[in-house]
Amino acid sequence: MLKGRHLIDPQDFSIKELESIFDLTERIIESPEDYNSICHGKILSTLFYEPSTRTRFSFEAAMLRLGGSIIGFSEPGSSSVAKGESLADTLRTVGAYADIIAMRHPKEGAPRLGTEYCPVPLINGGDGGHQHPTQTITDLFTILQAKGRLEKLVIGLCGDLKFGRTVHSLIKAMSRYEDIEFLLISPKELQVPDYIRQEILIGKGIPFREVERLEEVIGELDVLYMTRVQKERFFNEADYIRLKDSYILDRDKLLIAPEDLVILHPLPRVNEISPEVDDDPRAWYFRQVKNGMYVRMALILKLLGVK
Ligand code: CP
């Protein structure tokens, strides 16, 4: 039962609960017109303390396509946050007006803290370099759509594995499925944080390798998850400039990739996937974008308990 629950971490929902979201997402994709007024009278609030295109717009589009309404901010400076209002008071207040809240915050752990004060379901739309569970549900749904399974997969994660919250969430989520192997492709400075390596990968006995060259492993992959180097998390611009173009996926690299590779990217991209790859049938990232809206429609319905 997902009604009334918060979603802060990709492991907050069981595998069975995720399957119920995937089933509903498929039904919505098959006949979206059946759902276009189902949330009439309901309000979603989007509180975005950090920039976003996909997460905020897809949540808002999802609620509008369900017949509901939206309120919120994309710039906290336009709200009473600018006057020093605490996160707790903001959530208590907005929770008095809205039925469900999606929030992005630069501080890791802010959404978890927020659940102590938020009177309606609170969804983490990304907290710092920590977690991004709705991106992960979208990623899982897209892998399932492309591969027909979430087990027995070799998944390559490439780029900024240190600050990339989508990577951390995906490793956590995929670690619950059988026969998963991770190939972690990054410069040494951008390897996964120790809590992911120790608690999830080593702690659960999941096979993984850390390599620096994409060409070394691309031929072994079922899924390649490319990521942007997260400029906004660097303390030092010189380091960002040195590392930002560490990986650029182009047609030449795809010559040695499997025919049935699935290329994902949470987006936005900068240079890490050349536009010439966009037309390759293995490029799934724009299908992934659209899936994000349908997945969030299903999630809103589940958390509101709307049948
Ligand atoms: N994937 C993702 O979180 O994109 P935005 O930052 O545009 O929301």
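The values are calculated or read from the model by the stated rules, or taken from the named source; none is laboratory data. Just so you know, these numbers come straight off a predicted model, no measurement behind them. Glycine also receives a Cβ, built like all others from the backbone with ideal geometry; neighbour counts cover every protein chain displayed. Accessible surface areas use protein heavy atoms only, side chains included; no ligands, DNA or RNA. Shrake-Rupley method; radii C 1.70, N 1.55, O 1.52, S 1.80 Å.
Some notes on this structure:
- Selection of segment 147-173 for residues being β-branched (Val, Ile, Thr), away from the ligand (no atom under 16 Å from the Cβ) and open to solvent by 10 Å² or more (accessible area, probe 1.4 Å) yields only VAL154.
- Members of segment 112-138 that are among the hydrophobic types (A, V, I, L, M, F, W, C) and part of a helix (DSSP H, G or I): LEU113, ILE137
- Within segment 268-305, tally of residues that are closer than 27 Å to LEU2 by Cβ, touching a helix residue (DSSP H, G or I) at 6+ places or on another chain (Cβ under 8 Å) and surrounded by fewer than 19 Cβ atoms within 10 Å (Cβ to Cβ): 2
- Within segment 107-130, restricting attention to residues that are more than 16 Å from the ligand (Cβ to nearest atom) and touching a His at 6+ places or on another chain (Cβ under 6 Å), the residue that is most open to solvent (accessible area, probe 1.4 Å) is THR115.
- Considering segment 36-55, and only residues there that are more than 16 Å from the ligand (Cβ to nearest atom) and in contact (Cβ under 8 Å) with a residue 60 or more places away in the chain, the residue that is farthest from PRO119 (Cα to Cα) turns out to be ILE38.
- Only one of the listed residues (ALA96, ALA102) is open to solvent by 70 Å² or more (accessible area, probe 1.4 Å) and aliphatic (A, V, I, L, M). That residue is ALA96.
- Failed criterion for TYR240 (all others in (1) away from the ligand (no atom under 16 Å from the Cβ); (2) over 26 Å from THR46 (Cβ atoms); (3) open to solvent by less than 40 Å² (accessible area, probe 1.4 Å); (4) touching a residue at least 24 places away in the same chain (Cβ under 8 Å) hold): (4)
- Set side by side, the residues ILE137, ILE101, ILE123 differ, and just one is of a type in the set (Val, Ile, Thr) and within 27 Å of ASP194 (Cβ to Cβ), which is ILE137.
- The test for being open to solvent by 10 Å² or more (accessible area, probe 1.4 Å), more than 20 Å from THR136 (Cα to Cα), modelled with pLDDT of 95 or more and away from the ligand (no atom under 16 Å from the Cβ) does not hold for HIS6.
- The residues on offer are SER79, SER74, and the sole one that is away from the ligand (no atom under 15 Å from the Cβ), among the hydroxyl-bearing types (Ser, Thr, Tyr) and within 22 Å of TYR117 (Cβ to Cβ) is SER79.
- Within segment 56-67, considering residues that are without any contact (Cβ under 8 Å) to a residue 60 or more places away in the chain and closer than 14 Å to ALA298 by Cα, the one farthest from the ligand (Cβ to nearest atom): GLY67
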